[in-house]
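One structure is given here, and the rest of the page talks about it.
The values are calculated or read from the model by the stated rules, or taken from the named source; none is laboratory data. None of these values were measured; they are calculated from a predicted model. Note that we place each Cβ from the backbone using ideal geometry, even for glycine, and neighbour counts take in every protein chain shown. Note: accessible area is taken over every heavy atom of the protein model, side chains too, but ligands, DNA and RNA are not part of it. Shrake-Rupley method; radii C 1.70, N 1.55, O 1.52, S 1.80 Å.
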Amino acid sequence: MSKLIDGLNEKQKEAVLQTEGPVLILAGAGSGKTRALTFRVAYLIKEKGIHPKNVLAVTFTNKAAGEMLLRVKELLELPAEATIFSSKVPHVGTFHSICVRILRREIERLGFESKFVIYDDQDQLALMKRVMRETGVSQEQIKPKAILGAISNAKNKLIDAKLFEEQQGSYFEETVAKCFLRYAKELKQASALDFDDIILFTVKLMQENPDILKKYQTMFRYIMVDEYQDTNHAQYTLLKMLAKGHNNLCVVGDDWQSIYGWRGADVQNILDFEKDYPDAKIVLLEQNYRSTQNILDAAHQVISKNVNRKEKNMWTENDNGNLLTLFEAKNEKSEANFVTEEILKLKKELKHKFDDFAVLYRTNAQSRAMEEAFMKAGIPYKIIGGMKFYQRKEVKDVLAYLFFVHNTKNKIGFSRIINTPGRGIGDKTVEKIISLGEKMEGDLLLAIEKIAKATDSREFGIPPSKAKELQKFYELMGESLVASHSKTVAELIEKIYRDSGYEKMLAKEGEEGQVRHENVQELLTVARKFDKHENGLEAFLEEVTLVSQTDNDLGITEVVPFMTLHSAKGLEYESVFIVGMEEGLLPHSRATMNESEMEEERRLCYVGITRAKQKAHLVYTMTRNIYGSTQISVKSRFIDEIEPELFEQRYDEEVADDDFFRSEAVIDQGINDYFGVKQGFIKRPTSFAYKPKKKKQEKKRSDFSDGESVKHSEFGTGMIVSQDKKTFSVVFPTAGLKKLAKGVAPLEKV
């Protein structure tokens with residue numbers, strides 16, 4: 001046997017040596033799948049004598065492709081400076097980079113120039129705005145990003161503009177179709193492609209030109225694909241077409257880590273591989289080199305509840321290791337304090353560095369409480385795959401409004417908010433306002449008032465139409481200035497957020513708008529700390545300014561990474577903290593009534609747990625201040641799916657000593673009786689805020705069965721998923737999971 005593969009385990013060797021025909025390598029977390037794939041590429045070239053240019057290895061990210069290419073060159077003993085254009089280097093790259101190379105040679109068959117340009121996100125957005133203006137589609141009613149998102153989804157399903165027009169049905173789809181056709185026409189006139197066109201056009205090119213398809217089938221005799229579970233329909237179709245030439249398709253992946261369904265990835269591609277290729281050889285990589293057995297067992301107990309999956313038995317030669325830590329916190333503040341204290345303790349005991357730890361969460365809005373605790377504890381951190389809370393656009397926009405209310409001479413804040421949301425106020429008008437303000441001791445609000453109240457605004461070089469918008473802005477800021485003396489900071493934020501039109505603007509941005517809305521609501525959580533402060537607005541702005549400055553000063557390399565579970569895939573750490581293990585967060589409320597989405601949430605949890613090498617901490621709270629108000633938390637179902645013997649259960653000292661928090665006292669009194677509901681404008685878990693008890697209501701029904709559909713006066717229609725002697729657990733599509741007191745909750749049979 002070849003010395004090249006001496007260092008591989010038996011299953012990895014099997015994956016490398018099975019060179020002919022279709023092969024599915026099901027590789028569990030930490031099982032060395034990339035190692036097996038790169039050795040397979042090298043083995044084909046070095047031992048079987050396959051020409052490098054007859055080998056194609058594809059992955060998803062530039063970083064992964066770069067690492068794969070580097071390893072392959074080392075195994076082939078090629079110089080590091082050798083490029084993919086060398087005859088001795090195989091075709092290694094991302095789907096998009098490989099397809100661009102093909103299109104550069106062949107795209108003229110589709111009527112495009114070979115020197116085509118590729119539009120990035122900003123180019124696409126600018127073009128779509130122009131298309132919408134020219135086709136008469138209101139950007140207030142439908143956001144350009146929403147239309148671009150629909151077009152992207154269509155292209156990933158190999159649906160072009162003409163086919164989309166034929167299939168459209170709803171008013172939104174009709175509008176998208178109109179813009180899609182014009183957008184495609186503009187791209188072609190500019191000899192430009194957007195990112196999704198790259199694979200779409202490659203597939204179209206080969207479907208319409210059999211000679212070109214045959215050419216690349218002949219060239220790519222051996223095709224290998226990493227992270228196959230992340231392929232979408234377009235990528236799947238492309239691979240199937242190319243592999244028909246020699247039938248030598250080897251795919252590597254883990255259906256248990258398929259977590260990108262929201263961006264088009266289809267887990268069925270890997271689950272159905274044996275249906276597509278009945279003669280496929282299946283190789284299981286089940287030995288984990290990363291984690292302890294306890295971590296693997298816990299992760300397996302979670303993922304085993306999924307129905308749509310391939311079975312694997314992950315094992316390791318590592319010892320059983322530490323038990324997982326299950327921590328119950330009183331609220332998000334004590335949750336964050338536990339994480340910081342535990343990191344400092346383990347760092348000292350185990351001689352770890354800060355970057356040996358990671359904090360993982362389901363949504364970016366959860367980072368805010370963590371950031372504050374880490375800064376207070378003096379622990380350096382870094383947001384991975386996202387912005388720090390106070391650097392997020394929507395947070396900076398709202399803060400800019402507050403800074404301007406606090407100081408109407410603030411040019412920076414004014415320049416940011418005057419056209420946010422859009423009011424048709426251009427840069428030249430802004431310059432004229434600032435120039436006039438300088439003549440009025442720098443007060444920009446006085447300058448706006450003068451323009452708005454002028455008999456003819458044209459004397460200031462400003463058209464009457466823009467003067468009307470300035471009048472509305474003046475009234476908004478004038479009212480906000482008055483309100484700042486009588487309202488709390490949180491109330492002031494709510495007023496500005498609503499009256500400025502910012503809330504309405506985000507409501508039109510779909511899922512992205514929901515995430516941004518949640519960040520604004522999270523800002524309210526911070527603001528409420530200053531409700532009783534004499535100079536609340538000034539104190540609030542001072543704190544957030546210092547926090548933001550601290551963010552900017554964190555220029556050191558050894559930091560604790562914060563990231564979403566989606567961003568954590570492919571990474572590993574000595575100790576991992578998964579925070580917010582609660583219903584509505586993990587799993588997310590959107591998955592509650594959707595079986596396939598719930599399975600993806602479970603895969604997210606699996607990914608999170610298996611990032612840990614030595615220690616995994618699962619943390620949940622009894623109550624959580626998030627999105628601007630307080631809610632009672634329900635422990636994640638994923639925790640209950642893990643055997644208690646694998647946990648070391650710990651509690652917040654304050655919670656452990658407090659019978660109120662450790663009991664169901666709140667539920668016994670009836671959540672609906674004790675708490676008032678405050679529902680957000682976008683579907684999300686309902687939050688609770690305290691209000692006085694109402695008069696005693698007449699006894700409600702308490703004889704419902706599990707699985708029965710019921711109607712609630714405020715939450716709408718839901719389904720009873722479980723119950724005990726005192727409470728129902730009911731899932732509502734818009735409000736998530738609720739525990740409701742029997743005989744108290746206003747439930748009716750549907």
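When you go through LYS145, LYS115, LYS162, LYS88 one by one, which is the residue that is within 22 Å of GLU208 (Cβ to Cβ), in contact with a helix residue (DSSP H, G or I) (Cβ under 8 Å, 6 or more places away or on another chain) and of a type in the set (Lys, Arg)?
The unique qualifying residue is LYS162.
For residues in the range 489-547 being in contact with a Phe, Trp or Tyr (Cβ under 9 Å, 6 or more places away or on another chain) and in a loop (DSSP other than H, G, I, E, B), which is most open to solvent (accessible area, probe 1.4 Å)?
Ranking the candidates gives HIS533 first.
Taking the stated definitions as given, is GLY93 of a type outside the set (A, V, I, L, M) and under 32 Å from the mean Cα position of the chain (by Cα)?
yes
Do we find a residue being in a helix (DSSP H, G or I), surrounded by fewer than 19 Cβ atoms within 10 Å (Cβ to Cβ) and at pLDDT below 95 anywhere in the range 243-261?
yes
Filter the range 101-120 down to residues that are part of a helix (DSSP H, G or I) and of a type in the set (Lys, Arg) and give me whichever is farthest from PRO90 (Cα to Cα).
So the residue we want is ARG109.
What pairs come up if the first residue lies in the range 201-217 and is in a helix (DSSP H, G or I), the second is open to solvent by less than 30 Å² (accessible area, probe 1.4 Å) and acidic (Asp, Glu), and their beta carbons are under 7 Å apart, counting only those six or more places apart or on different chains?
LEU205/GLU106; ILE212/GLU106
Which of the residues belonging to the range 272-301 are open to solvent by 30 Å² or more (accessible area, probe 1.4 Å) and in a strand (DSSP E or B)?
LYS281, ILE282, LEU284
Among the residues of the range 331-349, is there at least one that is surrounded by 18 or more Cβ atoms within 10 Å (Cβ to Cβ), of a type in the set (A, V, I, L, M), touching a residue at least 24 places away in the same chain (Cβ under 8 Å) and not in a helix (DSSP H, G or I)?
No - not one qualifying residue is present in the range 331-349.
Residue by residue, here is whether (1) among the hydroxyl-bearing types (Ser, Thr, Tyr); (2) more than 20 Å from ARG40 (Cβ to Cβ); (3) in contact with a Lys or Arg (Cβ under 7 Å, 6 or more places away or on another chain) holds:
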position	(1), (2), (3)
ASN247	no, no, no
SER258	yes, yes, yes
ASP266	no, yes, no
ALA280	no, no, no
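Only one of ALA177, ALA126 is buried (at least 19 other Cβ atoms within 10 Å of the Cβ), without any contact (Cβ under 8 Å) to a residue 24 or more places away in the chain and aliphatic (A, V, I, L, M). Can you tell me which?
Just a single option satisfies the conditions, and that option is ALA177.
If you go through the range 107-117 one residue at a time, do you hit one that is touching a residue at least 60 places away in the same chain (Cβ under 8 Å), of a type in the set (Ser, Thr, Tyr) and open to solvent by less than 70 Å² (accessible area, probe 1.4 Å)?
There is no residue in the range 107-117 that is touching a residue at least 60 places away in the same chain (Cβ under 8 Å), of a type in the set (Ser, Thr, Tyr) and open to solvent by less than 70 Å² (accessible area, probe 1.4 Å).
Of all residues in the range 418-477, count the ones that are polar (S, T, N, Q), within 17 Å of ASP499 (Cβ to Cβ) and touching a residue at least 40 places away in the same chain (Cβ under 8 Å).
Residues meeting the conditions: 1.
Out of the strands (runs of 3 or more DSSP E) lying entirely within the range 638-750, which hold 3 or more residues that are at pLDDT below 50?
Hits in the range 638-750: 675-678, 687-690.
Could you check ARG368 against (1) within 26 Å of GLU522 (Cβ to Cβ); (2) at pLDDT below 90; (3) of a type outside the set (Phe, Trp, Tyr); (4) open to solvent by 20 Å² or more (accessible area, probe 1.4 Å) and say which number it fails?
Of (1) within 26 Å of GLU522 (Cβ to Cβ); (2) at pLDDT below 90; (3) of a type outside the set (Phe, Trp, Tyr); (4) open to solvent by 20 Å² or more (accessible area, probe 1.4 Å), only one is false for ARG368: (4).
From the list ASN322, ASN306, which one is under 17 Å from ASP254 (Cα atoms) and either at pLDDT below 90 or of a type outside the set (D, E, K, R) (or both)?
ASN306
Considering only the range 548-579, state which residues are over 30 Å from VAL634 (Cα atoms), aliphatic (A, V, I, L, M) and either open to solvent by less than 60 Å² (accessible area, probe 1.4 Å) or modelled with pLDDT of 70 or more (or both).
Listed by number, the residues that qualify are LEU554, VAL559.
Restricting the search to the range 386-406, which residues are open to solvent by 70 Å² or more (accessible area, probe 1.4 Å) and over 18 Å from GLY513 (Cα atoms)?
HIS406, the sole residue that qualifies.
Is there a residue being of a type in the set (D, E, K, R), touching a Phe, Trp or Tyr at 6+ places or on another chain (Cβ under 8 Å) and in a helix (DSSP H, G or I) anywhere in the range 218-232?
yes
Could you list, in sequence order, the residues of the range 19-30 that are open to solvent by less than 10 Å² (accessible area, probe 1.4 Å), among the small types (Gly, Ala, Ser) and closer than 24 Å to LYS275 by Cβ?
ALA27, GLY28
Kindly provide the set of residues from the range 310-329 that are surrounded by 19 or more Cβ atoms within 10 Å (Cβ to Cβ) and not hydroxyl-bearing (Ser, Thr, Tyr), ordered by number.
LYS312, MET314, LEU324, LEU326, PHE327, GLU328, ALA329
Conditions (1) assigned to a helix (DSSP H, G or I); (2) more than 28 Å from ILE303 (Cβ to Cβ), marked per residue:
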position: LEU26; (1), (2): no, no
position: ILE50; (1), (2): no, yes
position: LEU56; (1), (2): no, yes
position: VAL72; (1), (2): yes, yes
position: PRO79; (1), (2): no, yes
position: PHE85; (1), (2): no, yes
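When you go through (1) assigned to a loop (DSSP other than H, G, I, E, B); (2) crowded, with 17+ Cβ neighbours inside 10 Å; (3) within 28 Å of the chain's Cα centre (by Cα) one by one for ASN269, which number turns out not to apply?
(1)
Condition first: open to solvent by 70 Å² or more (accessible area, probe 1.4 Å), of a type in the set (S, T, N, Q) and more than 21 Å from LYS145 (Cα to Cα). Can you find one or more residues in the range 472-487 that meet it?
Yes.
Can you say whether LYS453 is more than 20 Å from ALA616 (Cβ to Cβ), among the basic types (Lys, Arg) and surrounded by fewer than 16 Cβ atoms within 10 Å (Cβ to Cβ), as far as the supplied structure shows?
In short, yes.
Could we say that TYR236 is open to solvent by 10 Å² or more (accessible area, probe 1.4 Å), under 27 Å from the mean Cα position of the chain (by Cα) and within 30 Å of LYS312 (Cα to Cα) here?
yes
Rundown of residues vs (1) among the aromatic types (Phe, Trp, Tyr); (2) closer than 12 Å to ILE102 by Cα, yes/no style:
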site	(1), (2)
ALA184	no, no
LEU187	no, no
SER191	no, no
PHE195	yes, no
VAL203	no, yes
MET219	no, yes
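Is it fair to say PHE354 is open to solvent by less than 10 Å² (accessible area, probe 1.4 Å) and modelled with pLDDT of 90 or more?
No; evaluated as a whole, the condition is false for this residue.
Report yes if some residue within the range 149-161 is farther than 30 Å from ILE5 by Cβ, in contact with a strand residue (DSSP E or B) (Cβ under 9 Å, 6 or more places away or on another chain), open to solvent by less than 80 Å² (accessible area, probe 1.4 Å) and among the aliphatic types (A, V, I, L, M); otherwise report no.
Yes.
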